[in-house]
Structure formats: structure tokens, C-alpha cells
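Structure first, then comments.
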Amino acid sequence: MLSGIVLSHADGRPMYLQIMEQIRQRIAVGDWPAGQPLPSIRQMATDLQISVITVKRAYFELEREGVIATQQGKGSVVADGADLGARIYEQDLARHLEQVVRLGALLGLTPMEIQSRLRETLERLAAPEKDRT
Amino acid sequence: MSDLALRLDGVNKRYRFFELHDIHLELPLGRIMGFIGPNGAGKSTTIRILMGLVHQEGGEVFVLGHRMPDQQAAAKWDVGFASEDMRLYDSATLDWHMRFIRSIFSTWDHAYAQVLLKRFDLKPEQRIKGLSHGQRVKAALLLVLARRPRLLVLDEPTTGLDPVARHEVLRELTDVMGDERRSVLFSSHNTQDVEQISDQITFIDRGHIIDSRDKETFMDRWRRIRVELPSGVQLPALSGVIDIKQTGRLAVATTNTYDGVLPRAYEAAGVRVQAVEHMTLEEIFVQNVQCSREAGQA
């Protein structure tokens, strides 16, 4: 099975993080349902033309997050759990919120100011189309 | 049966202007090792010792379980070696070379050789003297790869290749790794190639191995930490930080033993941590060589 994963050399993040993110996306959008077998580590490494150890790392971390399950000798499958897609988005949201707080602190904003900025953004994006012009 | 593709233990070799010091190196079966070093660091000498082309003065060398250089004839059935200075016969065609190798090595895979001809865009009826540098490199690699050796030892396999040819070569090397009993050692100046396809990374400089470990650990432990110093706060000296560049209230600290503790230690000292960044292998390489040279001079 071809993974369809495409890595970017211009992306500053390590390759294992890129692989993890793209696998999470495939699961989150439902392309890879629960129980679906993942390509073997060596297969994925050959496909992407990267080292085996990098793919191993990505699978290991995804297993720790509970996104995939690995059985010795049988390979890895997408983990069970109907809410997996939601959980992946949940983790994504948590990461972005942390980033918001970190950037806010960098700008010297108080917690109150960060909250009000978030509220403003919510209002702006939630506003109906016609009000935006 | 040893589960190491190759092992060097305490290997020494002295020349008039260059010396290899106490080289220890191990490559487990089924792995790709990238061997990086500046010009004249000792990469090719190490590889020649591995291949029995140069004899070490001290230390032990094993290749696929065979002691080198005494058992090199036995080792070489299973080892494919290609280097930049490998000569093919100028007046003979590539096809002649292929038939020659095939007559010696029973492992020659004719179908794979045909696939490689297509992938490398080579014509078997062409004479070697008419080939460009890149085509010669690819021809030499084809002759080695089509034997399907258990260990590939490649000295600068991508040097002087255009980007398309480089990708073709990297693709073949990663294809080899589909078989977990096969191993590759390749030297390169191109850190991007090494970063992409290696499982193990070894740095060599001035005849010393300065670091050798698995790539993920390697890349994980080197980090750049960008910090901002509120007025009145001094950047504390923390262990594990090997380089600091500070201009005004901004500083960048580099560590090669990152484990998540440093940013918290900085924060505890009142320093604001802006970012913890990964580094490319090229950045790590340059910094590593500089640090090891400074330590050598101290």
C-alpha cells in the first residue's frame, strides 16, 4: 500500500514529526479507518526514501499517543476508537492553544489580553459573510 | 554468525602527514550508516582499511564476520564497493563490464541490472570513455548494485551528480533497505543525503571519530535555544550548553545533550525562552567539528 505521504525538505521540522502529522491527518479525515493496516516500517522507508529508524520513531510516537497499535510480528494498524478523529483534532487544538499562549507571552500580553484577543478572533470569524466587507 | 555488518576496534594507521587514531565503529545488519567528515578527515582511509586495500597497523577489523585483511577474499563475495577513483576500462562498453562481473559473481541479478539501466538512463552499448562523470558514477554503482551484495560500501556515491541522478542513487540505496539483512556504509559531504537516508551517523575529523550514534538520538540531542534576557538578568552558565551567541538582550544557546531540562532551567533563572529549535545535520556537523577542534587545542 502506498502511503501518499509527501515530505518537505523546506519544512524545518524533523521528518518523523512530518510523518506523524500526515498519518494523523489521514486518520482524522477518515481515509485510514480503525483497523486499517499501515505500511510496514521498511515499506514506508523505501517509499519515502528515508531511513528505517526515522519511520520507526514516527510509529513509536504514534503508538504512544494511542493513534496506532502495533502487534509484534504483525505490523501496525490504526487504533480502535470511534472518537479517534476527534481526539486527533483535540490534540491539534491543544497544541495551537499552547502556541497562542506562548506567542502572547512573547508579546508581553497579560492573560486577560490574550483572552480578549481570542474572543475578538472568534467574533470576527463567526460574523456572517456580509458583515465582513 | 555475527549480527554486525562491520566492526572496527582500536584501528590505527599512520602516514607521514596523517594519522587514524583508535577507530571504533560498528554497523549492525540491516542499517545504513552515513559517514561524514571534512576533506582529509580519514573517511577514505577508513573505508580502504575496511576493504583490505590498506592494512591497519593496529586493531581489529571484521567485515560480515570475516577478519580483514587476512580473509578479504572471502569477505568480498558479499561486499560491493564503489569509490570515485574506481576505474572502468575506457575502451570497453558498459555491457562488456556487465558480462564480466556476471561471469565472476553468481549473485548477479540480470533482471535488476536491466531495471537499473533504465532508471539510471544508461546505454549498455556505450563505451566508458564516452560517458560523462555522472554516467560513470552511475555505471560503477550499477555494476555493484546488480550483484545484490549483503554489504555496500560506497565512498562518496553522490559527489558530482546532478540532483536528478542523486535522487536516482538515493532511491536505489533506500530500496536496498527493503531487505533487512542488507547493510550500507556510505561516506558523503552532502549532509542532506545523509540526514535523509541514514539510520546511523558517524562524524570523523582529523583522524578521530568524534561522534557515532543512531540518527534520531543524534538529531534530537542537538538543539538551539533562543532566549530573551529581561533587563538585569544574566544568562546563567548551564552544563550541556556548548555554544552561546549573545547580542544585547537576545541570546542563542546550543546544546548537544538536550533532554528538555535546559529551557526550564533558563526559565527558573528568569530568562525568557522564545524557542527551542531543531538543527539540520549540516549545522550540527559544522558545530561539532568546531567544538572538537577547540577542545583539541585547549
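Check whether at least one residue in the stretch B:11-28 is within 14 Å of chain A (Cβ to nearest Cβ), within 18 Å of the chain's Cα centre (by Cα) and not basic (Lys, Arg), and report yes or no. Scanning the stretch B:11-28, I find at least one residue that is within 14 Å of chain A (Cβ to nearest Cβ), within 18 Å of the chain's Cα centre (by Cα) and not basic (Lys, Arg), so the answer is yes. I'm checking my understanding of the structure. Among residues of the stretch A:29-86 that are under 30 Å from residue B:167 (Cβ atoms) and of a type in the set (S, T, N, Q), which one is farthest from the other protein chains (Cβ to nearest Cβ)? Per the stated criteria, the residue is A:36. Against the test of being touching a helix residue (DSSP H, G or I) at 6+ places or on another chain (Cβ under 8 Å), under 21 Å from residue B:186 (Cβ atoms) and of a type in the set (D, E, K, R), the options B:76, B:43, B:13 yield a single qualifying residue, B:13. In the stretch B:273-291, the count of residues that are over 30 Å from residue A:58 (Cβ atoms), away from every other protein chain (no Cβ under 14 Å) and under 18 Å from the mean Cα position of the chain (by Cα) is zero.
A quick yes/no check of all residues on (1) touching a Ser or Thr at 6+ places or on another chain (Cβ under 7 Å); (2) part of a helix (DSSP H, G or I):
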position: B:16; (1), (2): no, no
position: B:23; (1), (2): yes, no
position: B:39; (1), (2): no, no
position: B:52; (1), (2): no, no
position: B:84; (1), (2): yes, no
position: B:89; (1), (2): no, no
position: B:101; (1), (2): no, yes
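Taken over the stretch B:243-260, residues that are among the aliphatic types (A, V, I, L, M) and modelled with pLDDT under 90 amount to 0.
For the stretch B:241-272, what are the residues that are among the polar types (S, T, N, Q) and within 14 Å of another protein chain (Cβ to nearest Cβ)?
Correct list: empty.
The values are calculated or read from the model by the stated rules, or taken from the named source; none is laboratory data. In this text, all values refer to a predicted model and were calculated from it rather than measured experimentally. Don't worry about glycine lacking a Cβ; one is built from the backbone with ideal geometry, like all the others, and counts go over all protein chains shown.
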